[in-house]
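Notes to accompany the following structure.
The values are calculated or read from the model by the stated rules, or taken from the named source; none is laboratory data. In this text the structure is predicted, and so the values were computed from the model without any measurement. Heads up, the Cβs are rebuilt from the backbone with ideal geometry, glycines too, and the neighbour counts pull from every protein chain shown. Just the protein is used for accessible areas: all its heavy atoms, side chains included, with ligands, DNA and RNA removed. Shrake-Rupley method; radii C 1.70, N 1.55, O 1.52, S 1.80 Å.
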Amino acid sequence: MLRELKEEIASGSAEEVISALLERVKRSRLNAYNVLAEESALARARKFDESPWDGRMAGIPIAIKDSISTRGIETTCSSWILRGYIPPYDAHVIERLKAEGVIILGKTNMDEFCMGTSTETSCFGPTRNPWDTERVPGGSSGGSAAAVAAGEAPCALGSDTGGSIRCPASFCGIVGMKPTYGLVSRYGLISYANSLEQIGPLASTVEDAALMLDVIAGHDPRDSTSAKTEGGYLDGLEDGVRGMVCGVPKEYLGEGLDSSVERSVWDAISVLEDLGASWREVSLPHTRYALAAYYIIAMSEASSNLARFDGLRYGLRIGTDKDWHTTFSEIRAAGFGPEVKRRILLGTYALSAGYYGRYYLKALKVRTLIKEDFLRAFQDVDVLVTPTMPFPAFRIGERIQDPLSLYMADVFTVPINLAGVPAISLPCGFAGGLPVGLQIVGDHFAEKTVFRVSRAYEDATPHHAARPQEVI
Amino acid sequence: MENEVIIGLEVHVQLNKLNSKLFCSCSTDYHDDDPNTHTCPVCLGLPGTLPMINKKAVEYAIRVALALGCVVQEETLFYRKNYYYPDLPKAFQITQYDYPLGLGGHMLIKGEDGERVVRINRVHMEEDPGRLVHAGTIDRAKYTMVDYNRCGMALLEVVTEPDLRSPKEARAFLDKLRSILDYLDVFDGDLEGAMRVDSNLSLVGGDRAEVKNISGHKGVEKALNYEITRQKNVRRRGMKVVQETRHYDELRGVTVSIRTKEEAHDYRYFPEPDLVPMRIADWVPRVQEELPELPDAKRDRFRTQYGITDDHAKSLTSEIKVANFYERVAGKAPPKLAAVWIADVLKGELNYRDLSIENFHEDQMVEILKMLELEAITEKGAVEVVRQILDEGGSPAEIVKARGLGKAEDDAVRVAVRAAVAECGPAVEDYRGGNEKAINFIVGQVMKKTRGRADPGEANRLVREAIEEL
């Protein structure tokens with residue numbers, strides 16, 4: 001898709017393509033974007049039309065999740081507390097994309113500071129699912145996924161701390177990839193839980209996602225957790241799955257899983273079998289502890305990461321200045337939404353003297369066990385195949401009052417972040433008119449294998465071509 | 001005995017000889033610049049930024065740890081110390097806390113009664129917060145301004161065991177630490193905020209108070225003396241010293257309570273996820289090998305190699321530049337004479353003018369020492385030469401010539417002696433009558449006749465001889 005779009009833009013007009021997209025966004029009621037970079041996007045498009053530049057994504061429009069810093073474009077993480085904050089620098093991934101010629105359309109909606117599974121905790125109001133506007137698009141990268149699914153952007157970046165790329169990709173019927181921890185520099189990604197999150201692509205096809213990852217991956221000295229890797233994710237994309245072994249974790253199928261989702265996953269496994277792969281059951285025995293460990297680690301890190309937002313240097317300023325403690329307390333009370341406050345409080349508690357050992361340290365130990373589960377499994381299989389989410393998109397408002405039931409929705413995605421391995425979500429059918437996502441998980445830095453299996457599956461199925469009707 | 005004092009120090013040393021800050025590439029050369037001009041997204045803690053460790057800073061830290069006799073850990077590990085304060089833009093400080101780079105060293109200082117071994121608990125790295133400028137005093141300021149130029153500077157925290165027994169010993173410790181840091185070339189102690197001290201002080205049997213914000217080695221005696229007096233007064237009134245944190249107000253010379261034990265922070269330390277541990281075990285042998293000769297070793301060597309007194313050796317080795325200057329001079333002139341003239345004269349004249357040793361050239365000193373050795377110049381004249389070089393410049397030979405400081409030739413002195421003895425009949429009689437002091441009058445006449453060029457000792461001897469011969 002991006003390949004064709006690039007040719008279309010090169011032989012036609014970037015300005016026309018961008019204008020059409022902007023018009024589409026403006027008449028849409030999905031609320032996928034927080035900020036449209038209309039002027040700068042059109043200006044860059046006109047410049048491109050005058051003297052086109054080279055680059056692997058030359059002229060291609062892209063939407064960026066609002067958790068990623070973009071120089072000169074307001075970046076708020078969908079939080080009041082960052083209203084008006086315009087970063088003076090570009091995230092590493094933005095530098096890479098710009099170097100390959102993209103045109104940034106705008107910043108997409110998300111759960112406030114990535115804390116959510118539905119994009120309902122945004123200070124800008126929820127994004128709607130293009131397949132059913134009464135339903136959530138998933139989260140936290142809901143704006144990016146909805147925009148790509150609804151044709152409001154040909155591709156987008158998201159970030160994934162516990163499923164925040166894969167969940168909305170699943171709910172919106174597109175491709176979303178969370179790379180191995182350390183593959184993509186986090187420099188410029190506004191931290192929610194540093195030790196878990198990665199930036200990754202949301203796109204219409206596996207090839208598009210692979211191209212985007214190829215552009216954004218690679219070592220960056222500014223991120224000490226970033227790895228030195230070779231890239232080349234488009235190489236061998238079409239080599240097929242013959243002889244490969246797919247593992248199906250027994251803990252991921254069963255209780256709590258929607259039956260039509262389960263059926264779609266087994267159908268997908270049959271497709272892979274038909275393509276020459278085999279499957280076997282594997283066990284990831286510590287899965288049941290993953291959610292608890294994940295939320296303790298994520299909230300603890302978040303409580304520290306979000307402490308800097310005090311309105312003193314940037315972002316929200318309210319009322320008149322009082323003494324320092326009163327002023328920043330008032331700003332934080334007004335600027336953060338209830339879910340963010342809940343996580344800051346819980347994280348602060350988990351890190352306090354006397355509780356650190358009982359919660360945070362214990363969660364780190366569980367994390368090690370979960371990682372070992374995966375390493376053991378990958379001794380016998382090439383990839384793991386699971387559902388991305390236990391159910392399709394739920395209704396707006398259905399779960400937001402019950403945080404625990406929302407946290408439970410992340411049950412298949414968070415172990416992947418704890419283990420640091422790569423995983424993709426692909427469209428694998430529909431349940432009641434709503435897209436279902438298939439999660440394919442690879443070993444550390446085995447992105448190529450994940451893409452290869454995904455591409456083989458995509459080639460053999462029609463699901464990725466399905467598109468919702470425009471919602472006006 | 002009941003008022004014996006127990007002191008431990010936490011010394012913050014800014015590694016200000018680095019070119020860049022601890023976690024970003026901002027320049028450290030901000031001391032003459034406007035506030036908030038040496039900042040970047042990283043040291044301002046803007047959303048999305050990540051720390052990137054300055055390897056040179058780690059090497060400097062290893063250097064200091066080794067010089068203080070610490071065991072260096074195999075890898076670096078950093079924690080977050082979480083607290084809200086406007087000088088801390090991330091609302092946490094990245095510090096080594098639980099995993100200090102260096103552990104268990106020691107330092108020898110001159111104590112109240114003989115030499116004292118001060119144990120070093122640890123040496124760890126952390127980032128410097130910004131600088132707060134209060135409009136007025138800390139407890140009464142209407143507003144406060146923040147300068148982030150300092151924010152993110154590499155700091156070393158050197159923590160002693162409670163082994164010091166007086167403010168004077170605390171001062172001696174800091175002087176020695178400063179000297180070692182000077183030798184290691186990691187630190188310029190003259191820059192503002194280069195060394196900041198927190199101190200725990202208690203009287204035997206009492207709770208301790210932590211005194212924060214003592215700037216540098218000079219303020220420490222004053223601050224601690226104040227605190228001792230305060231604690232003794234509390235006791236005298238029959239009350240107990242409470243465990244608390246106090247702020248030293250340099251302007252008023254007093255300590256002010258800023259929080260009690262009950263208000264102590266819970267810093268919620270946890271490992272910094274954005275900095276992966278860096279293995280440094282392999283660096284240590286090389287750094288150890290490249291470690292320069294340190295003050296104590298140099299002092300011992302100077303004593304034995306040049307045969308100079310321990311006081312001179314100590315004085316000459318407190319600053320590396322002075323020590324190097326001395327060695328260069330001692331290679332070309334008599335070492336003992338050089339020690340006297342550099343340690344006792346030159347250093348004093350430099351201190352008086354607040355100048356450093358760079359203002360004097362070794363060849364000038366060698367020339368002066370040669371003239372003294374040949375008795376071509378009196379000691380008094382040599383001091384004059386030193387002073388004039390410092391004040392107006394010029395070479396020793398020119399100065400001696402221009403100011404007629406050359407020692408008068410023997411003949412001229414003898415002529416003057418004979419004349420003076422002949423002219424001072426009554427004084428000669430007094431001397432013969434047993435009044436020793438009368439000789440001084442005659443010598444004074446000799447000096448007058450030779451315009452001060454005669455050596456007073458020599459003139460004294462010649463006058464006595466002349467009187468004997470009468």
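With every protein chain left in place, what is the accessible area per residue of the protein assembly as shown in square angstrom, probe 1.4 Å? Before the final figure, lay out each step's value.
Details: 38650 Å² over 942 residues.
About 41 Å² of surface per residue is accessible.
In region B:253-285, what residues drop by 40 Å² or more in accessible surface going from the chain by itself to the full protein assembly, probe 1.4 Å?
When all protein chains are present, B:Asp266, B:Arg268, B:Phe270, B:Pro273, B:Asp274, B:Val276 each give up 40 Å² or more of accessible surface.
Obtain the nm distance between the two label points defined at B:Ser395 and A:Asp239 by a simple spin-label model: each point lies 7 Å from its Cα along the Cα-to-C-beta direction.
8.0
Under the rule of -39500 (n - 2.57) per DSSP H run of 4 or more residues, summed and divided by the residues of chain A, what mean residue ellipticity at 222 nm is obtained, to the nearest 500 deg cm²/dmol? Mind showing how you got there, number by number?
Values: 15 runs with 171 residues, N = 472.
Helix-only estimate at 222 nm: -11000 deg cm²/dmol.
For region A:318-472, with all protein chains present and a 1.4 Å probe, just round the carbon and sulfur fraction of the accessible area to a whole percent.
Numbers: 3690 of 6450 Å².
For region A:318-472, the apolar C and S fraction of the accessible surface comes to 57 percent.
Based on Cα positions only, what radius of gyration and what Dmax would you give for chain B, in angstroms?
Just the Cα atoms of chain B yield Rg and Dmax of 29.2, 98 Å.
DSSP loop (so not H, G, I, E, B), at most 12 other Cβ within 10 Å: list which chymotrypsin sites (Phe, Trp or Tyr not before Pro) in region B:121-217 pass both filters. Write out the running numbers ahead of the final one.
Values: sites: B:Tyr143, B:Tyr148, B:Phe173, B:Tyr183, B:Phe187; in loops: B:Tyr143, B:Tyr148, B:Phe187.
Qualifying residues, ordered by number: B:Tyr143.
Answer rounded, prolate or oblate for region A:140-260, using the Cα gyration tensor with square roots of eigenvalues a ≥ b ≥ c: rounded when a/c is under 1.5, else prolate when a/b is larger than b/c, else oblate.
Values: a/c = 1.34, a/b = 1.21, b/c = 1.10.
Because its axes are fairly even, with a/c under 1.5, region A:140-260 counts as rounded.
Taking the Cα centre of each part, how many Å lie between region B:420-470 and region B:329-396?
31
Per-residue mean of other chain beta-carbon atoms within 10 angstrom of the beta-carbon, peptide B:46-59?
Working: counts 10, 19, 16, 11, 14, 3, 6, 1, 0, 0, 0, 0, 0, 0.
Partner Cβ neighbours, averaged per residue: 6.
Using a 10 angstrom Cβ neighbour count of at most 13 plus a DSSP loop assignment to flag exposed trypsin sites (Lys or Arg not before Pro), which longest range of chain B is free of such sites?
Details: sites that count: B:Arg140, B:Lys142, B:Arg237, B:Lys240, B:Arg252, B:Arg403, B:Lys437, B:Arg451.
Result, exposed sites excluded: B:253-402.
Please give the FRET efficiency for A:Ala292 paired with B:Lys240, using the beta carbon to beta carbon distance and R0 = 41 Å, rounded to the nearest 0.05.
0.35
Project the alpha carbons of region B:293-402 onto their principal axes and report the range along each, largest first, in whole Å.
43, 30, 19
Can you pull the semi-axes for region B:11-72, root of five times each eigenvalue of the Cα gyration tensor, sorted largest first, whole Å?
Values: eigenvalues 125, 46, 15 Å².
The three semi-axes for region B:11-72 are 25, 15, 9 Å.
Region B:314-384: which GluC sites (Glu not before Pro) are DSSP loop and have at most 14 other beta-carbon atoms within 10 angstrom?
Working: sites: B:Glu319, B:Glu327, B:Glu349, B:Glu358, B:Glu362, B:Glu367, B:Glu373, B:Glu375, B:Glu379, B:Glu384; in loops: B:Glu319, B:Glu375.
Taking region B:314-384 and a limit of 14 other Cβ atoms within 10 Å, the loop GluC sites (Glu not before Pro) found are B:Glu375.
Among the lysines, select those whose C-alpha is under 21 Å from the C-alpha of A:Lys362, and discard any that sit fewer than 8 residues away in the same chain.
Here the lysines satisfying the reach criterion relative to A:Lys362 are A:Lys371, B:Lys81.
Suppose each label sits 7 Å from its Cα in the direction of the beta carbon; what would the A:Tyr355-A:Leu312 distance come out to in nanometres?
Going from the A:Tyr355 label point to the A:Leu312 one covers 2.5 nm.
What is region A:56-130 by shape, rounded, prolate or oblate, if you read a ≥ b ≥ c off the alpha carbon gyration tensor as root eigenvalues and call it rounded for a/c under 1.5, prolate for a/b larger than b/c, and oblate otherwise? Write out the running numbers ahead of the final one.
Numbers: a/c = 2.58, a/b = 1.55, b/c = 1.66.
Oblate.
Where in region A:215-244 does the label zone of B:Glu74 land, with the point 7 angstrom along Cα→C-beta and an amide N cut-off under 17 Å?
none
Residue by residue through region B:359-369, which ³J(HN,Hα) values in whole Hz follow from phi under the Karplus form 6.51 cos²θ - 1.76 cosθ + 1.60 (θ = phi - 60°), with glycine and proline marked x?
Result, rounded to whole Hz: 7, 10, 9, 4, 5, 4, 5, 4, 4, 4, 5.
Once neighbouring chains are kept in place and the probe is 1.4 Å, which whole percent of the accessible area of chain B is contributed by carbon and sulfur? If you can, show how the numbers build up before the last one.
Numbers: 10640 of 22260 Å².
Whole-percent figure for carbon plus sulfur exposure: 48.
Could you list the GluC sites (Glu not before Pro) in region B:215-257 that lie in coil according to DSSP, counting only those with at most 16 other Cβ atoms within 10 Å of their Cβ?
B:Glu250
For chain A, what number results from the quotient of the Cα radius of gyration and 2.2 N^0.38 Å? The partial results should precede the final answer.
On the way: Rg = 20.9 Å, N = 472, 2.2 N^0.38 = 22.8 Å.
Output field value: 0.92.
Over chain B, what is the relative contact order in percent, taking alpha-carbon pairs closer than 8 angstrom and at least six residues apart?
Details: 830 pairs, mean separation 64.5, N = 470.
Value for chain B: 14 percent.
A drop of at least 40 square angstrom in accessible area, chain alone versus all protein chains together, probe 1.4 Å. Which residues of region A:185-203 meet that?
Residues meeting the cut-off: A:Tyr187, A:Asn194.
Calculate, for B:Tyr85 and B:Val117, the FRET efficiency according to 1/(1 + (r/R0)^6) with r their C-beta to C-beta distance and R0 45 Å; round to the nearest 0.05.
FRET efficiency, B:Tyr85 to B:Val117: 0.80.
At what distance in nm do the modelled label points of B:Leu132 and A:Thr133 sit from each other, each positioned 7 Å from its Cα along Cα→Cβ?
5.2
Indicate the gyration tensor shape class of the protein assembly as shown (rounded, prolate or oblate), computed on the Cα atoms with a ≥ b ≥ c the square roots of the eigenvalues: a/c under 1.5 is rounded; otherwise a/b larger than b/c is prolate and the rest oblate. Before the final figure, lay out each step's value.
Details: a/c = 2.98, a/b = 2.58, b/c = 1.16.
Judged from the Cα gyration tensor, the protein assembly as shown comes out prolate (a/c at least 1.5, a/b above b/c).
Based on alpha-carbon centroids, what's the gap between region A:42-72 and region B:1-79 in Å, whole number please?
40
Does any residue of region B:66-86 lose at least 30 Å² of accessible area with all protein chains in place compared with its chain alone, and if so which ones (probe 1.4 Å)?
B:Arg80, B:Tyr84, B:Pro86
Total accessible area buried between chains B and A, 1.4 Å probe, in Å² to the nearest 100? Numbers along the way, then the final one.
Values: alone 23690 and 17710 Å², together 38650 Å².
Interface between B and A: roughly 2800 Å².
Could you work out the helix-only [θ] at 222 nm for chain B, with each DSSP H run of four or more residues adding -39,500 (n - 2.57) and the total divided by the number of residues, to the nearest 500 deg cm²/dmol? Numbers along the way, then the final one.
Details: 16 runs with 183 residues, N = 470.
Value at 222 nm, helices only, nearest 500: -12000 deg cm²/dmol.
Computed FRET efficiency, Cβ-Cβ of A:Leu253 and A:Leu42, R0 30 Å: what is it to the nearest 0.05?
0.05
Please list the non-local residues whose amide H lies under 5 Å from the amide H of A:Trp279, H modeled 1.01 Å from N, same-chain partners needing a gap of 5 or more.
A:Cys246
Two decimals, Cα atoms only, Kirkwood Rh: what is Rg/Rh over region A:1-82?
Values: Rg = 13.9 Å, Rh = 13.9 Å.
So for region A:1-82, dividing Rg by the Kirkwood Rh gives 1.00.
Counting Lys and Arg as +1 and Asp and Glu as -1, what is the net charge of the other residues whose Cβ lies under 14 Å from the Cβ of A:Gly182?
On the way: positive: A:Lys178, A:Arg186, A:Arg222, A:Lys228, A:Lys371; negative: A:Asp160, A:Glu197, A:Asp220, A:Asp223, A:Glu230, A:Asp443, A:Glu447, B:Asp274.
Every neighbour counted, the sum reads -3.
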